[in-house]
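First up is the structure itself, then whatever we jot down about it.
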Amino acid sequence: MWTQLPTLTNEGSDYDLEPHLAVLHDYFEGKIYSPEAAAKLASAALALDASLEAQLGQLWHLLLQIACKDPEHQDKLVDILVDMSYLPDVTRPGDHGQDEPLILHRKQVWKDLPMLDWEIRRPWDYSVPAPGTKDPEEREAAISRTVNVNHFLALLVATDEPIFEWGSLFALMTLRIALETPWEQMAPEDPLVAWIPAAASWIEVLGAEIYEWDEEYESGPLVGAPGSGGPLWKGKHGFCKERWKLWRDRFGEAARKEDESEQVRRVAGEAELMMKEIETGLVE
């Protein structure tokens, strides 16, 4: 009997994903290991009666749906994505009779996991409904999604696989949203109940590494300013010790914010403490 995994459905898809779901059920039940699951999922994806873009988009959407709704499976999902990136190159017949790599948006299948970063951006970008505008259950689901997608991203970056290096920008953007705007200026769709735990996930999973990061992001008319700060940060467009200190202090302020929930204060306090321990070498 299959383990009860309510998110393993075709919800939100017009395609037949039963082959994908069968592989994932076997994987989560321990009947197969990650390398085999990765190969079977890849085959199921490319067998889908759809364009290559839809084949990959449906696969990533399914995996992200599970990561956001059932975070207890995130470690296994990370393993399967890593193993997919090491699958043999997919080729197709070329115009001159020679096989050519299968490329989508200048990325190679499977080595570059094309479109995964785009698909992750979707749940990361979703806003949280302001109180009273939606059913409480819908708002709670949006809050959980924000927290869980950030935790999943942190786990991907923590693998140190080059394929996931792009994820570090999500760390910066999440910490900026949560901690670089005065509380009274926070937008209703960016509540601390979502973004403080989301930011804390990055510290919990990757804090010691983030403390050492010194990357600065390019800015300009063509690329915008992805590393820029919120109202409380006017410095480097990237990671640095000074910005880390601002984040730590803001976690501390959130931990003492009397009009915030006990959960938010607790999570913020734990993040502040971990950051202090990282600075003193107690956490590596």
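Anything in the range 67-104 that is among the aliphatic types (A, V, I, L, M) and farther than 17 Å from E119 by Cβ? List them, or say none.
Passing the criteria: L87, V90, L102, I103.
Run D259 past the list (1) modelled with pLDDT of 95 or more; (2) loosely packed, with under 14 Cβ neighbours inside 10 Å; (3) of a type in the set (D, E, K, R); (4) assigned to a loop (DSSP other than H, G, I, E, B) and report the number of the one that doesn't hold.
Against the list (1) modelled with pLDDT of 95 or more; (2) loosely packed, with under 14 Cβ neighbours inside 10 Å; (3) of a type in the set (D, E, K, R); (4) assigned to a loop (DSSP other than H, G, I, E, B), D259 comes up short only on (1).
Considering only the range 252-267, I want to know if a residue exists there that is under 13 Å from I203 (Cβ atoms) and of a type outside the set (A, V, I, L, M, F, W, C).
Yes: one or more hits.
Taking E270 as meeting all but one of (1) closer than 21 Å to V149 by Cα; (2) crowded, with 19+ Cβ neighbours inside 10 Å; (3) among the acidic types (D, E), write down the number of the exception.
Single failed check for E270: (2).
The conditions are (1) within 30 Å of A45 (Cβ to Cβ); (2) touching a His at 6+ places or on another chain (Cβ under 8 Å); (3) at pLDDT below 95, and S219 fails exactly one of them. Which is it?
(1)
Among the numbered criteria (1) modelled with pLDDT of 95 or more; (2) of a type outside the set (G, A, S); (3) surrounded by fewer than 18 Cβ atoms within 10 Å (Cβ to Cβ); (4) touching a Lys or Arg at 6+ places or on another chain (Cβ under 9 Å), which single criterion is violated by F170?
Just one mismatch for F170, condition (3).
So if I check each of V157, V147, V128, V109, which one is buried (at least 19 other Cβ atoms within 10 Å of the Cβ), aliphatic (A, V, I, L, M) and more than 30 Å from A208 (Cβ to Cβ)?
V109
Taking only the range 114-138 into account, find how many residues are within 21 Å of K69 (Cβ to Cβ) and under 19 Å from the mean Cα position of the chain (by Cα).
14
Does Q58 satisfy the criteria of being buried (at least 19 other Cβ atoms within 10 Å of the Cβ), of a type in the set (S, T, N, Q), part of a helix (DSSP H, G or I) and in contact (Cβ under 8 Å) with a residue 24 or more places away in the chain?
Considered against the rule, which asks whether it is buried (at least 19 other Cβ atoms within 10 Å of the Cβ), of a type in the set (S, T, N, Q), part of a helix (DSSP H, G or I) and in contact (Cβ under 8 Å) with a residue 24 or more places away in the chain, Q58 comes out as yes.
The values are calculated or read from the model by the stated rules, or taken from the named source; none is laboratory data. Note that the structure is a prediction, hence the values are computed from the model and not measured. Reconstructed Cβ throughout: ideal geometry from the backbone, glycine too, with neighbour counts over all protein chains shown.
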